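Trainee: Right, I'll just put the structure down here and ask away after.
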Amino acid sequence: MKQLFIFLTFLFLIGLTKVLSQPNTKTYYSIESAIAVPLDKVIKLDLSSQDLAEVPEQITKFTNLKYLSLQNNQLKTIPTFLKKLQNLEVLDLDSNYLSRLPAEMGDLTNLVELSLDNNELKSLPRTLGNLKKLKKLTASFNQINHIFDELGELSNLQTLDLSFNKLSDIPENFGKMKNLIQLNLRNNKLSIWSNGFNQMISLAKLELSSNLLSTISSQISNLKNLQQLLLSKNQITAIPSELAQLSNLDDFYLDDNPIKKIPENLYNILIKLNNAHSEQIADLIDKFREEKDIQRERAERNRKEADLRTKVAESETERQKAEKEVQQVARQKAEAESKSEKAEKEFQKSNAQKAQAEKKLAQQAQQTQELENQRNIIFFSVFAFFLIAFATLIWRNAQQQKKNNKIILNQKNEIEAEKEKSDLLLLNILPEEIAKELKETGETEVRHFKLATVMFADIKGFSSLAMQLSPQELIKELDFCFSTFDEITAKYNLERIKTIGDSYMCAGGVPSCNTTNPIDTVLAALHIQEWMLQQKKQREKEGEEYWQIRLGIHTGDLVAGVIGKTRFAYDIWGNTVNTASRMESGGEVGKVNITENTYQYIKEYFECMPRGKIEAKNIGLIETYFVNRLLPQYSKDENGLEANNTLLEMLETQNKT
């Protein structure tokens, strides 16, 4: 019995050891929360969007850290002590103000992924070539104008993104990246095709759009695995015929290049790759087809002319033959006359032969005349044929000119239509005054709003509900729901900022300032909640699933502006946005949850129920209230949802003052 107890205790200790040795996969969002656990158990640390001006040195305490995110902060330099994180595999430094990286970055030899997008870097350190395990390196939207040869030593690199920089050349040493699958150099200043490209035998995607390239190397045929080749908006005038050897090519973009001629062996390939049909290439393909038609017509015309010449030659031969026969008859006549003198007996016979010969001569003369007539007919037929061909050529030129004029007019109309579409699309993406400012100046200023109200709406149990619907049904339901939200928020002068999955975010007081946005936002929230309640009743009656939402509102200051250079988005930032999000996540279904700030602005007009203080993540305790309805003296309906004229006049006066 004692031995059994010892054996069971031993098994328990082994199991406990395995449990304690399991790695901690939790992500920590602050140094304080991470220090609260054993330091060697911290694997993932996310310090994104915390306005950090420098990297805290306490990070080096987490010796087993594998994932570190410092994106969207205020960092201008990276300290050298970061090299102590020898187990680090993923480092995200996106969206900071870094102008250079320390050489010690090359000491992070276990790094697999390094993200440096949206900074102010002018170059990358040579020591990055020491990161032999690195598989993904992104440094887009910087100011990089030179790449050192040492970067070509990253033999395990699979993805490299240096788009939107100022690179004018790529080292030939890049050809050592035999495992590189994706290379993105879009929107740089490359004017020469690097020989390094031709040696990247594993490359599947090569993005070189918006550069200054004028030629494509014929050695591109080495890239047997290439599937996507993007060369739009360059200065390419010719395409090498070796491109036909890329049997795996699926996407080939050449829009906005001054292509003059395409090798004949590429026409069928370009026709197959529909996405390569820029206007220039489409015109060249049409021209190629027209030339083939003209060649066929010319060959047919030459054949007919040869037939006519053969017939003329045959007629001439017949004429010469007839003349010889006439001469022979003349000789026979002379011989007959000579014989008539010698032989009287044959006189009658000679006369008969003479008569016969004269008759035959007459027939030959008639045939000769007929042949002459045929020659004249053939001559005039050939002349008429050339005359008709010349007239046809003039008519076709006139028709082609008419067709070209029509094409130019259609293109002009299409350009005007596309401009109208782009203006309408810009208005759908951005607020009207922001879109107008962007069109007039090419940029927008980030603005600070002292008084704005932010509302978040989120569908309860969305993940489980989504599993019951097909993707098409799910998108249709979300579109129906969010489109109604858009109509309601527009009625109360709110601006829809964005949707993320099942989350809906809007704000009042931006981009146009007003003082009534707290009241406007609460009215919109009550209206949305009432609409969702009606949908619930209807769907319960029909035996269908229904959605319920939580609503959270907070009032305060924030910053708003447009982000992005090629894909615009109007967004807002600040503690007000974070607090409103916490109000939504800490709220209840069927309730409008507001903070103390918002309550102070609306308490004279709405019936509210104190809820007490709730804990908000990364913020602390916040005094909150539930909004039930409008006060009766300001309500147009018995449910307290619609403002009456008294309240509307008060709000209008408040905005004017």
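Trainee: Spot the failing condition for Asn198; the list is (1) of a type outside the set (A, V, I, L, M); (2) more than 15 Å from Leu226 (Cβ to Cβ); (3) assigned to a helix (DSSP H, G or I), and only one is missed.
Mentor: Tallying (1) of a type outside the set (A, V, I, L, M); (2) more than 15 Å from Leu226 (Cβ to Cβ); (3) assigned to a helix (DSSP H, G or I), Asn198 fails exactly one: (2).
Trainee: Also, quick follow-up: Starting from the range 259-270, keep only residues that are under 9 Å from Ala238 (Cα atoms), then list their pairs with residues that are among the small types (Gly, Ala, Ser) and surrounded by 12 or more Cβ atoms within 10 Å (Cβ to Cβ) whose Cβ atoms are within a distance under 7 Å, requiring at least 6 positions of separation or different chains.
Mentor: So the pair list comes out as Lys260/Ala238; Lys261/Ala238; Pro263/Ser241.
Trainee: Further question: Looking only at the range 387-403, decide whether some residue is among the aromatic types (Phe, Trp, Tyr) and at pLDDT 80 or above.
Mentor: Scanning the range 387-403 turns up no residue that is among the aromatic types (Phe, Trp, Tyr) and at pLDDT 80 or above.
Trainee: Taking the residues in the range 270-315 that are outside any helix (DSSP H, G or I) and not small (Gly, Ala, Ser) as candidates, determine which candidate is modelled with the lowest pLDDT.
Mentor: If we filter the range 270-315 for residues that are outside any helix (DSSP H, G or I), which is where we start, we get 273, 277-278.
Pick out the ones that are also not small (Gly, Ala, Ser) and you get 273, 277.
On the way: Leu273: 65, His277: 50.
Applying the filter and picking the extreme gives His277.
Trainee: Which one of the conditions (1) under 18 Å from Cys506 (Cβ atoms); (2) modelled with pLDDT under 90 does Ile549 fail to meet, given that it meets all the rest?
Mentor: With respect to (1) under 18 Å from Cys506 (Cβ atoms); (2) modelled with pLDDT under 90, Ile549 is out only on (2).
Trainee: Residues being polar (S, T, N, Q) and assigned to a loop (DSSP other than H, G, I, E, B): count how many of those fall in the range 472-524.
Mentor: Going through the range 472-524 one residue at a time, the tally reaches 5.
Trainee: Still on this structure: Restricting attention to the range 103-120, which residues are buried (at least 22 other Cβ atoms within 10 Å of the Cβ) and within 26 Å of the chain's Cα centre (by Cα)?
Mentor: Leu114, Leu116, Asn119
Trainee: Moving on to the next point. Might you let me know whether the range 337-347 holds any residue that is open to solvent by less than 90 Å² (accessible area, probe 1.4 Å) and within 30 Å of Phe385 (Cα to Cα)?
Mentor: no
Trainee: Which members of the range 118-151 meet the condition of being assigned to a loop (DSSP other than H, G, I, E, B), without any contact (Cβ under 8 Å) to a residue 40 or more places away in the chain and of a type in the set (Gly, Ala, Ser)?
Mentor: Hit for the range 118-151 is Ala139, nothing else.
Trainee: May I pose another question? Of the residues that sit in the range 70-86 and are in contact with a Leu (Cβ under 8 Å, 6 or more places away or on another chain) and open to solvent by less than 60 Å² (accessible area, probe 1.4 Å), which one is nearest to Thr138 (Cα to Cα)?
Mentor: Within the range 70-86, the match that is nearest to Thr138 (Cα to Cα) is Leu70.
Trainee: Kindly check whether there is at least one residue in the range 487-499 that is under 23 Å from Leu533 (Cα atoms) and touching a residue at least 40 places away in the same chain (Cβ under 8 Å).
Mentor: Checked against the condition, which is being under 23 Å from Leu533 (Cα atoms) and touching a residue at least 40 places away in the same chain (Cβ under 8 Å), the range 487-499 yields at least one hit.
Trainee: Do the conditions hold for Glu473, that is, is it of a type outside the set (A, V, I, L, M), modelled with pLDDT under 75 and open to solvent by 20 Å² or more (accessible area, probe 1.4 Å)?
Mentor: Against the criterion (of a type outside the set (A, V, I, L, M), modelled with pLDDT under 75 and open to solvent by 20 Å² or more (accessible area, probe 1.4 Å)), Glu473 does not qualify.
Trainee: To continue, here is another question. Going by what's in this entry, would Gln364 be described as assigned to a helix (DSSP H, G or I), modelled with pLDDT of 70 or more and either open to solvent by 90 Å² or more (accessible area, probe 1.4 Å) or β-branched (Val, Ile, Thr) (or both)?
Mentor: Working: assigned to a helix (DSSP H, G or I): yes; modelled with pLDDT of 70 or more: yes; either open to solvent by 90 Å² or more (accessible area, probe 1.4 Å) or β-branched (Val, Ile, Thr) (or both): no.
Judged against the criteria, Gln364 is not a match.
Trainee: Could you name every one of the strands (runs of 3 or more DSSP E) located completely within the range 525-623 that has at least 3 residues being small (Gly, Ala, Ser) and open to solvent by less than 70 Å² (accessible area, probe 1.4 Å)?
Mentor: Of the strands (runs of 3 or more DSSP E) lying wholly inside the range 525-623, those with at least 3 residues that are small (Gly, Ala, Ser) and open to solvent by less than 70 Å² (accessible area, probe 1.4 Å) span 549-563.
Trainee: Turning to a different aspect of this structure: Go through the range 216-257 and count every residue that is open to solvent by 80 Å² or more (accessible area, probe 1.4 Å), within 21 Å of Gln199 (Cα to Cα) and part of a loop (DSSP other than H, G, I, E, B).
Mentor: The number of residues fulfilling the criteria is 4.
Trainee: Let me ask something else. When you look at Ser123, is it hydroxyl-bearing (Ser, Thr, Tyr), surrounded by 19 or more Cβ atoms within 10 Å (Cβ to Cβ) and either at negative phi or at pLDDT 90 or above (or both), yes or no?
Mentor: no
The values are calculated or read from the model by the stated rules, or taken from the named source; none is laboratory data. In this text the structure is predicted, and so the values were computed from the model without any measurement. Cβ sites come from the backbone with ideal geometry, for glycine too, and all protein chains shown count toward neighbours. Note: areas computed on protein heavy atoms with side chains; ligands, DNA, RNA excluded. Shrake-Rupley method; radii C 1.70, N 1.55, O 1.52, S 1.80 Å.
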